[in-house]
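Working notes for the structure below.
The values are calculated or read from the model by the stated rules, or taken from the named source; none is laboratory data. Everything numeric here is computed off the predicted structure, so don't read it as measured data. In this analysis, Cβ positions are derived from the backbone assuming ideal geometry, glycine residues included, and neighbour counts consider all displayed protein chains.
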Amino acid sequence: MGESIRAFLNNIKDSTLKIVDEEFSKVTVLPKGAFKGKQMKGEAAIEMASAPVASLDDVLPRESIEKHLNAKLLKHFDPAGKDWKVKVKGCELVE
């Protein structure tokens, strides 16, 4: 598992890479087909199929942010800006 991901980690310090390797060594790799999902039968399957599914609108209330948008705030989100802290500050102002 770790070897396929390691190709993407070529610009990480050796000390950090060592920690990542240690964490990957803790993972138990299951052979293909060893893990099978649990299938529900009978009343449990019917109950699960008929359960209402919450939409994202139910979980997160919508709010208009138009009153927060102004020139002072938009300068925080300048695409040419490299400082992520400024962008975070802009997000916090909208909250």
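Matching residues to (1) of a type outside the set (A, V, I, L, M); (2) not assigned by TED's automatic domain parsing to the domain that holds GLU3:
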position: PHE24; (1), (2): yes, no
position: VAL27; (1), (2): no, no
position: LYS38; (1), (2): yes, yes
position: GLU43; (1), (2): yes, yes
position: GLU47; (1), (2): yes, yes
position: ALA51; (1), (2): no, yes
position: ALA54; (1), (2): no, yes
position: ASP57; (1), (2): yes, yes
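Scan the range 2-27 for residues that are among the aliphatic types (A, V, I, L, M) and surrounded by 10 or more Cβ atoms within 10 Å (Cβ to Cβ) and jot them down.
ILE5, LEU9, ILE12, LEU17, ILE19, VAL20
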